[in-house]
Amino acid sequence: MDQPAKQTDVPEEDMLRADLYDFLGALLAAPPRKHLIDQTRALNGDDSDLGRAIAALARVAGQATEPSLEREFNRLFIGVGRGELLPYASFYMTGFLNEKPLATLRADMAALGMERAPSVYEPEDNIASLCEM
C-alpha cells in the first residue's frame, strides 16, 4: 500500500528567509549578470533595517553595470593573488583555509544528504554555498 505524501507546512517567514538567502547566495557566487541585476533593481524595501538595506541595494543596482560589478567582485573575492575578502568560514573561524570547520560542515551536509554539486569547485564553507544551504 502506498504511503500518503507528507505535507509540510513551512511558515511564510521561513520561506521568505530562504528566498533571501538564496538571493544572497546568487549575488555572492559570481559576478551578477544582467538578469540578476535587473531583479535587484526591482526590489522594494520597507521601513525595517532589512527593508532599508534592500532598498539601498536596489538603488546601487540601478546604477551598476555588468562590467563594473564584475570588476568589484574580482577585486573583493579574487584579486591578484588574493582578494580583499576571503569568502570562506574556516578562515574567519581558525585563520586558515580548509580547517576543522569545513570538515564539520561536510559531516553535517552528509548527515542531511547534501553534497557539493559536481560543477562547483569552491570549498563548501564559501559564503555563497552557505547561503544556498
What single numbered condition from (1) part of a helix (DSSP H, G or I); (2) surrounded by 10 or more Cβ atoms within 10 Å (Cβ to Cβ); (3) more than 20 Å from the chain's Cα centre (by Cα) fails to hold for Arg17? (3)
Test: residue in the stretch 44-65 that is among the acidic types (Asp, Glu) and under 19 Å from the mean Cα position of the chain (by Cα): no
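Quick note: the coordinates plus some simple rules give every number you see, no bench work behind them. All values derive from a computational prediction rather than experimental measurement. FYI the Cβ positions are ideal-geometry reconstructions off the backbone, even for glycines, and counts take in every protein chain you see.
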